[in-house]
Structures are given as C-alpha cells and as structure tokens.
Amino acid sequence: SGLGARIRALSAITTRSTLVIAGFVAGVTGALVGVSMLAAGAVQAQKAFQQHEAVLRAVTGSTTLAGVEFQFALEQSKRLGLQLETTTAQYAQLAATTQGTVLQGEQTREIFLGIAEAAAALNLPFERTQRAFNAVSQMVSKTVVQQEELRGQLAEAIPGAVQLAAKALDVNTSQLAD
C-alpha cells in the first residue's frame, strides 16, 4: 500500500498544482481583459473629444480658437469635478447653438458656467445636467423663452432656475410667466 499512498500523494500534488496554474491563468486572463477594456474606453473617449473639437472648430472657424474653447471646457470640467467627456460635449453643443446670436462667445461661457456650477453645487446627476443644457439650447434655438423649456425642463433639472431667470431679467416670477 506504499505504492498506493505515493500515487495518492502524487495525485494530490498534481491537483493542487493544476489549481494554482488555473488560478494564475484566470488572473492573467482577467488582467488582460481589463487592460483591453481600458484601452477600448480610452480610444472611445479620444474619438468623442475629437468630435467635440471638430464642432468647436466649425463654430470658431479656427483650429487655434477651437483649442482654446476646448481647453476652457476641460478646465472647467476638472475644476467642478464633472465628467470630462459629457461636459465638453455639452459646451460644444451650446457653442454651436449660440453661434451667430448675441449670446455667442463670452455669453456662451457664462451660460455654460452657470449651468455647470449649479450642477456641481447641487451634485446633480448627469441626466439632469444634460436636461438643463438641452433646455437652454432649445431656448436659444427658438429665440423665445417658452414656459415649456423654462418650467418644464430647466426648472425640473435645476431647482430654483425659474427664480434665477426672473432675477437675471429683473422681473418677478409672475411677470416671467406672462
């Protein structure tokens, strides 16, 4: 039975070695999958940033000015702790919407900062921040502030938006409704 004991011992050693090797292979495989997912995410983010820069190039008519505007959006996003990709997209969309209006340029930056700072201060989720930017973009596109966008979209996304709009226009909220 000494031979049987040796065979059982050898079998146990082989089983443990197989488990260790399998665990190692699984760990390496998991690491490789993680690295490839990270690389794919980086490529996707880079493509998105290139799209946002292209929009800003079309808006500004200059690669240099587009770079300045893109850098502004990046810096504000970092400063406020907002998602880089979505914040730059929102700024590019707003800049495109205000192009050719009296809100083009510095006023666009002020509008963007007002919404972005409110979103950061209120710790708004991405979806509500997106709704706020969409509401403002719709208002600018229509050139008329309608109650639908102001009360139905912007105020739902950012608490107190109606009062802030009234204050900015130097009217009360009931006058704003007229």
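Of everything in the stretch 74-87 that is under 14 Å from GLY114 (Cβ atoms) and modelled with pLDDT under 90, the residue that is most open to solvent (accessible area, probe 1.4 Å) is LEU82. Name the pairs whose Cβ atoms lie under 6 Å apart, with the first residue in the stretch 150-170 and touching a residue at least 40 places away in the same chain (Cβ under 8 Å), the second hydroxyl-bearing (Ser, Thr, Tyr), and 6 or more positions between them or separate chains? Within 6 Å, no pair qualifies. Among residues of the stretch 136-150 being farther than 26 Å from LEU65 by Cα and open to solvent by less than 70 Å² (accessible area, probe 1.4 Å), the one that is farthest from the chain's Cα centre (by Cα) is GLN147. Taking the conditions exactly as written (modelled with pLDDT of 90 or more, out of contact with any strand residue (DSSP E or B) (no Cβ under 8 Å at 6 or more places or on another chain) and more than 29 Å from THR63 (Cβ to Cβ)), does ALA121 satisfy them or not? So ALA121 passes the test.
From the list LEU150, LEU164, LEU154, the lone residue that is in a helix (DSSP H, G or I), of a type in the set (A, V, I, L, M) and more than 28 Å from LYS78 (Cβ to Cβ) is LEU150. Consider the stretch 88-113 and keep the residues that are out of contact with any Leu (no Cβ under 7 Å at 6 or more places or on another chain), under 18 Å from GLU75 (Cβ atoms) and free of Cβ contacts under 8 Å to residues at least 24 places away in the same chain. The one that is surrounded by the most Cβ atoms within 10 Å (Cβ to Cβ) is GLY105.
When ALA66 is tested against (1) open to solvent by 30 Å² or more (accessible area, probe 1.4 Å); (2) touching a Ser or Thr at 6+ places or on another chain (Cβ under 9 Å); (3) assigned to a helix (DSSP H, G or I), only condition (1) is not met. Only a single item in (1) touching a residue at least 24 places away in the same chain (Cβ under 8 Å); (2) assigned to a helix (DSSP H, G or I) is not met by LEU124, and it is number (2). The residues on offer are THR108, THR98, THR173, THR87, and the sole one that is under 14 Å from the mean Cα position of the chain (by Cα) and not basic (Lys, Arg) is THR87.
The values are calculated or read from the model by the stated rules, or taken from the named source; none is laboratory data. The model shown is predicted, which means the values in this text are computed figures rather than measured ones. Here Cβ is always computed from backbone atoms with ideal geometry, including for glycine, and neighbour counts include all displayed protein chains. For the accessible areas, the whole protein counts, side chains as well, though only heavy atoms, and no ligand, DNA or RNA atoms are used. Shrake-Rupley method; radii C 1.70, N 1.55, O 1.52, S 1.80 Å.
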